[in-house]
Amino acid sequence: MRLLAVPLAVLALHAGTGAAVARPHLDGGTAAGAPAAAPAVRITEGQVREAAPGGTLLYPSVTSCLTVTVRLADGGLAGAHASLFQVPGEYRSDRILGALRDRVGGRDVTAVEVRGAVGAWLPGYFTRAIESYGDGEAVPYPTEPDPGGLAAAVADGLGQPRAKVTVTDVPDGDQTVR
């Protein structure tokens, strides 16, 4: 049986199930070990993704960005990493809420959490991205944080009641939402 342990461990890792599947064979225990936790769903700038019920979202390197996490009634999470400047091939700030709304669809939403560089964002960036201003047009910029305006813009963009949306200024770094 020990000769099968290494091939089983390699197959388990290759299948993405983690070494926990093979460990009982190595330790002489049963194959009914606890399942490995699912890896966090990583959402980089300009992306919209989703984690299954009980899952985790990871927003890496949130500096001048805002993250928008939708908590679904079934325990799942849908999220968007809104960037001040468009990352090639990803959503602009004026398209990201629509993409998140489409991802959520008609599912019940319990809460919406906006986190990040609140002071760097105008609510209008969700309806007109910085990149959409032409030569000679002045790009507006915030003179003070507007969490209430951001909450209203996100609620409107997602088609959710304003009361479900919270906004929190968070220092630079990775954000993990469980």
_Unmet requirement for Gly119, which otherwise passes all of (1) assigned to a strand (DSSP E or B); (2) of a type outside the set (D, E, K, R); (3) under 24 Å from Gly173 (Cβ atoms)_ = (1)
_Among residues of region 104-116, those that are under 15 Å from the mean Cα position of the chain (by Cα) and either farther than 12 Å from Ala73 by Cβ or open to solvent by 40 Å² or more (accessible area, probe 1.4 Å) (or both), counted_ = 5
*Among the residues of region 122-178, which ones are assigned to a loop (DSSP other than H, G, I, E, B), of a type in the set (Ser, Thr, Tyr) and open to solvent by 70 Å² or more (accessible area, probe 1.4 Å)?*
Thr127, Tyr141, Thr143
*Could you check, for region 135-146, whether at least one of its residues is touching a Phe, Trp or Tyr at 6+ places or on another chain (Cβ under 9 Å) and closer than 24 Å to Ile43 by Cα?*
no
*Which members of region 52-103 meet the condition of being aromatic (Phe, Trp, Tyr) and surrounded by 15 or more Cβ atoms within 10 Å (Cβ to Cβ)?*
Tyr59, Tyr91
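The values are calculated or read from the model by the stated rules, or taken from the named source; none is laboratory data. Since the structure is predicted, the reported quantities are computational estimates derived from the model, not experimental observations. All Cβ positions, glycine included, derive from the backbone under ideal geometry; neighbour counts span all protein chains shown. Heads up: the accessible areas ignore ligands, DNA and RNA and are worked out on the full protein's heavy atoms, side chains in. Shrake-Rupley method; radii C 1.70, N 1.55, O 1.52, S 1.80 Å.
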